[in-house]
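Structure incoming, see below.
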Amino acid sequence: MNSHPDLAAAYRHGLLDLLQDGHPVPSVREPTSPASGFGCADRPSIEMIGYSFEVTNPFACLVDSDARPLRLPYCVGSFLWTLAGSNDLERLQSYHPEARNFSDDGISLSGAFGKRLFRYRDEIDQIDAIVERLRVDTSSRRTFAAICDAGDNVQRSREYPCCIGLQYFLRDGRLHSITYMRAQHALLILPYDAFLFMMLQCVMAARVGAAVGTYRHICGTFHIYQKEREFAERVLGNPLRSIEFGRADGSELELAEVLEFEERARSVGRARDVRSLLDMLQAGEGGSEFARHSKLVVLGHWLHSLTEDQNNAALERLPVPLQMMMRRHWQAASKSTAF
C-alpha cells in the first residue's frame, strides 16, 4: 500500500499512478449514473482496479491547489450535514447547488452517507455503536459501519453510494480507519471524500479518547475520465499543499453546538440577514479548533454569498491557510473554474 504523510501527497501520487498505469475503459451506459452523464454523454475513463493508499497524518486532510481550488465551505457543509445524519437536499444545496442533479425526488438524497451511518432506518446510529464498543473492548473487530446495502443493487436511483463502508481499529491507543470505496473519481471527488472520512476519524478518535492513527483508502475502481487527462496534468504541474483543519474535543456538547450554529447561520443566510450573521461572530470564535473553524467557514460562506466581500469579518478570524483556500475558491468561482 502506498503510504504518504498527508492527503496532498496521496492525491498527487494517485493521479500520477493513473496517468502512468491506468487502463482505458469504455463509458458506463447506465442512464441513472453520472458516469454516463445520466444517459446523455459518452465518458470513457482511465482506471485502476483495487487501488489503495495510506495517510499517516489524517489531520492533514485538506488539499490546497491553485490549479483546482477546493470548495472549503462545501467540505465543511457536507461534513456537518453528514454528522447530522441528514439526507435533506435543500440543506446540502446551500453549499453545493449541483447536488440536486443526484436527487431522485428533488427533496432528498437516497445515498446520503450520514443518514446511513447515523440514522439508518431512522433508528440505528452505527457510529455511536462503534464508539461505545471500542470504549468497552479496545481489541474489537466488530467495528464496521455499512453504507451500501442490498437494496442499492435493485433500486433504480441516481445515487448508488460510492462509499460502501467504514471500519475502525483501536490499537496501542490509536484509532485507525479504513474507507472502502466502490468507485472513486480521483481528480475531482477524492479531496472531498477523503476530507469527510478523515475528519470523521479524527472526531471519532476524540470521542473514544484515543490518538489518531493511520487512514487507509481502498477503492474498487480508481479513475478519471479520459477528457480530464490534460486537466490532471495541469494539477500535477502546480504545487499541492496539505492543510490541517483542526482538532475536535469530541464531546457530544461540542458536536451539538456546531450543528446548531450551522443550522442557525443557514436559516439567517437564507433570510439574507447580514446583520444577524455578523452578530454570530462572537459565538463563532468559541470552542475547539474544529468547532471554531467550522463555524467561521460557514459564516464566511454566507457573508460572501450575500455581500461578495472576500475580506469579510468571519474570514479574517480564520487561520491564514484557510483564508487563502476560501479566497481561491471564490476567485475561481467567479471565473467558473472551481470544483
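Quick one: putting +1 on the C-beta of Lys and Arg, -1 on the C-beta of Asp and Glu, what dipole do you get for the chain around its Cα centre, in Debye to the nearest 20?
On the way: 38 positive and 43 negative charges, 67 e Å.
Using only the charged Cβ atoms, the result is roughly 320 debye.
Also, I was wondering about something else. Return a whole-number percent for the relative contact order of segment 55-204, with Cα pairs under 8 Å and 6 or more residues apart as the contact set. Intermediate results must be reported in sequence, preceding the final value.
Values: 197 pairs, mean separation 33.0, N = 150.
The value is 22 percent.
Can you bin the chain into rounded, prolate or oblate? Criterion: square roots of the alpha carbon gyration tensor eigenvalues sorted a ≥ b ≥ c, rounded for a/c under 1.5, prolate for a/b above b/c, oblate for the rest.
Cα axes put the chain in the rounded bin.
Check GLY213: other-chain or 5+ apart residues with amide H under 5 Å from its amide H, H built from backbone geometry?
Amide H neighbours of GLY213, under 5 Å, 5+ apart: LEU175, HIS176.
Further question on the same structure: What residues qualify as long-range amide H neighbours of TYR51, i.e. H under 5 Å apart, gap of 5 or more or another chain, H built at 1.01 Å from N?
CYS219, PHE222
Another question about this same structure. For Cα pairs less than 8 Å apart in space and 6+ apart in sequence, what is the mean separation divided by the residue count of the chain, i.e. the relative contact order in percent?
22 percent
Once fully extended, how much extra length lies between ASP21 and ARG182, figured as 0.36 nm per residue of separation less the alpha-carbon to alpha-carbon distance?
Taking 0.36 nm per residue and subtracting the Cα distance, the gain is 56.0 nm.
Using a 1.4 angstrom probe on the protein heavy atoms only, line up VAL320, VAL208, VAL258 by accessible area, largest first.
Order by accessible area, largest first: VAL320, VAL208, VAL258.
While we're looking at this one, here's another question. Give me the percent of the accessible area of the chain that comes from carbon and sulfur atoms, probe 1.4 Å, all protein chains in place. Please list the in-between numbers first.
Values: 7220 of 14800 Å².
Its accessible area is 49 percent carbon and sulfur atoms.
Still on this structure, I have one more. For the chain, what is the accessible area per residue in Å², given a 1.4 Å probe and the full set of protein chains?
44 Å²
Please compute the modelled spin-label separation between GLU308 and ASP172, points set 7 Å along Cα→Cβ, answer in nm with one decimal.
Distance between label points: 5.5 nm.
Need the full-extension length gain, GLN282 to CYS40, defined as separation in residues times 0.36 nm minus the C-alpha distance. One decimal, nm.
Separation in residues times 0.36 nm, less the Cα-Cα distance, equals 82.3 nm.
Okay, moving on. If you build the convex hull over the alpha carbons only and average its shadow over all orientations, what do you get for segment 57-153? Give it in nm² to one decimal.
So the Cα hull casts an average projection of 8.6 nm².
What does the charge dipole of segment 22-91 about its Cα centre add up to, to the nearest 20 debye, if the Cβ of each Lys and Arg holds +1 and the Cβ of each Asp and Glu holds -1?
80 debye
Largest first, please: the extent of the C-alpha atoms of segment 1-124 along each principal axis, to the nearest Å.
Result for segment 1-124: principal-axis Cα extents of 42, 38, 31 Å.
Give the residue from GLY250, LEU236, HIS301 lying farthest towards the positive end of the charge dipole for segment 214-326; charges sit on Cβ (+1 for Lys and Arg, -1 for Asp and Glu) and the dipole is referred to the Cα centre.
LEU236
Another one. Using the Cα centre of segment 189-322 as the reference point, and only Cβ charges (+1 on K/R, -1 on D/E), how large is the resulting charge dipole? Debye, rounded to the nearest 20.
Numbers: 15 positive and 19 negative charges, 64 e Å.
Roughly 300 debye, rounded to the nearest 20.
The values are calculated or read from the model by the stated rules, or taken from the named source; none is laboratory data. This is a predicted model, so every value here is computed, not measured. Cβ: placed from backbone, ideal geometry, glycine included. Neighbour counts: every protein chain shown. Quick note on the areas: whole protein, heavy atoms, side chains included, nothing else; ligands and nucleic acids left out. Shrake-Rupley method; radii C 1.70, N 1.55, O 1.52, S 1.80 Å.
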